[in-house]
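All remarks here apply to the structure that follows.
The values are calculated or read from the model by the stated rules, or taken from the named source; none is laboratory data. The model shown is predicted, which means the values in this text are computed figures rather than measured ones. Note: ideal-geometry Cβ built from the backbone for every residue, glycine included; neighbour counts use all protein chains shown. The accessibility values were calculated without ligands, DNA or RNA, using every heavy atom of the protein model including side chains. Shrake-Rupley method; radii C 1.70, N 1.55, O 1.52, S 1.80 Å.
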Amino acid sequence: MQGENLTVWSFFLLEGFSRSPALEIVLFVFSLVMYLITLLGNSTLILVTVLESRLQTPMYLFLGNLSVLDICYTSASVPTLLVNLLSSQKTIIFSGCAVQMYLSLAMGSTECVLLAVMAYDRYVAICDPLRYPVIMSRQVCMQMAAVSWVTGYLTALLETSFTLQVPLCGNLIDHFTCEILAVLKLACARSLLVDTIMLVVSVLLLPGPMLFICISYVFILSAILRISSAEGRNKAFSTCGAHLTVVILYYGAALSMYLKPPSSSSQEVDKIISLLYGVLTPMLNPIIYSLRNKEVKEAVKKVLGRIPLYRTHGHL
């Protein structure tokens, strides 16, 4: 590209859902409600896992990390989305776009690894329960959680840094956020290096962990079916069912976005999918774990019971 006069963009315009103005109001209300529920639900889960001694176990340590991820993930893009849904001029400065892209990629990549780690935790708990306290010691769990975060941040740094070096021939992003695939559509020419990095990272963080999770659940299901007690089987299914539901929701949306042929769906469909896994899934995670887990519900009641205002006006 040497010798060409390429513009260095200081800001970007976000197309969002401008083609459907009436839809923007509906999406604003939908996104605002989902975001508030996400903050409340995940903050409550973090609070009870920290304050309730019964929840000081590996599963809830990882669940607390998942809640922190969901809060950070939605906070990286939803506030900008809410502002732009009510604005006629939807703009974001270059540095803001870069930060938004990086944080979204980092949180999403970290969640891919963390969900695989949580599957391994369930595998050890059900398939090798006698050695579970030794294998999944607090130190090991902290290290596994740290590896998830570091992997997410490093892969996001790799993808973002190379994407920002690609020459862009426009500054109108056909999306409601600085989503990396939407930004790359502005490239003056395809970059083999960036395409290769995106493909390798996507394969490592999507089909790789997904395959590991599937293999883990084959062994988990086999072990559950050998449990003689109906109560024991139901408890095992309950704890695994919540995790498996989250996995299906998250990976289903992510796989449809990052490992599909470029021309297989319209940009409008991609926006809706992004909205679903960027807003809806983080909101559903604490609800899924709370509704299906008796220990979490009891812990929430116990923690809320310590609040004077709650004791005065009623109970769950």
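Looking at (1) of a type outside the set (Asp, Glu); (2) touching a helix residue (DSSP H, G or I) at 6+ places or on another chain (Cβ under 7 Å); (3) free of Cβ contacts under 8 Å to residues at least 12 places away in the same chain, which is the one condition that is false for Pro129?
(2)
Take Tyr153 and tell me if it is touching a residue at least 60 places away in the same chain (Cβ under 8 Å) and either farther than 19 Å from Cys240 by Cβ or out of contact with any Pro (no Cβ under 7 Å at 6 or more places or on another chain) (or both).
No; evaluated as a whole, the condition is false for this residue.
Working carefully through the options Ala254, Ala223, find the one that is modelled with pLDDT of 80 or more and either farther than 30 Å from Pro21 by Cβ or in a helix (DSSP H, G or I) (or both).
Testing whether each residue is modelled with pLDDT of 80 or more and either farther than 30 Å from Pro21 by Cβ or in a helix (DSSP H, G or I) (or both) leaves just Ala223.
Go over the candidates Ser53, Ser67 one by one and state the one that is among the small types (Gly, Ala, Ser), over 26 Å from Ala182 (Cβ atoms) and open to solvent by 10 Å² or more (accessible area, probe 1.4 Å). Let's see the steps before the verdict.
Details: Ser67 fails: open to solvent by 10 Å² or more (accessible area, probe 1.4 Å).
Only one candidate qualifies: Ser53.
Within the range 83-100, does at least one residue satisfy the condition of being touching a residue at least 24 places away in the same chain (Cβ under 8 Å) and under 21 Å from Glu295 (Cα atoms)?
Looking for residues that are touching a residue at least 24 places away in the same chain (Cβ under 8 Å) and under 21 Å from Glu295 (Cα atoms), one finds none in the range 83-100, hence no.
Please find, within the range 198-214, the residue that is nearest to Ile126 (Cα to Cα) out of those that are free of Cβ contacts under 8 Å to residues at least 12 places away in the same chain and open to solvent by 90 Å² or more (accessible area, probe 1.4 Å).
Applying the filter and picking the extreme gives Leu211.
For a quick check of your reading: which helices (runs of 4 or more DSSP H) sit entirely within the range 121-197 and have at least 3 residues that are of a type outside the set (D, E, K, R) and open to solvent by 30 Å² or more (accessible area, probe 1.4 Å)?
Helices (runs of 4 or more DSSP H) meeting the threshold: 132-135, 138-163.
Tally up the residues in the range 101-120 that are more than 21 Å from Leu244 (Cβ to Cβ) and open to solvent by 10 Å² or more (accessible area, probe 1.4 Å), please.
Residues flagged as more than 21 Å from Leu244 (Cβ to Cβ) and open to solvent by 10 Å² or more (accessible area, probe 1.4 Å) within the range 101-120 amount to 4.
Taking the range 215-230 only, how many residues are under 13 Å from Tyr120 (Cβ atoms) and either of a type in the set (Phe, Trp, Tyr) or surrounded by 15 or more Cβ atoms within 10 Å (Cβ to Cβ) (or both)?
Summing the residues that are under 13 Å from Tyr120 (Cβ atoms) and either of a type in the set (Phe, Trp, Tyr) or surrounded by 15 or more Cβ atoms within 10 Å (Cβ to Cβ) (or both) in the range 215-230 gives 4.
Cβ-Cβ distance below 8 Å, separation of 6 or more or different chains: which pairs start in the range 216-230 with a residue that is free of Cβ contacts under 8 Å to residues at least 40 places away in the same chain and end on one that is surrounded by 16 or more Cβ atoms within 10 Å (Cβ to Cβ)?
Ile227/Ala236
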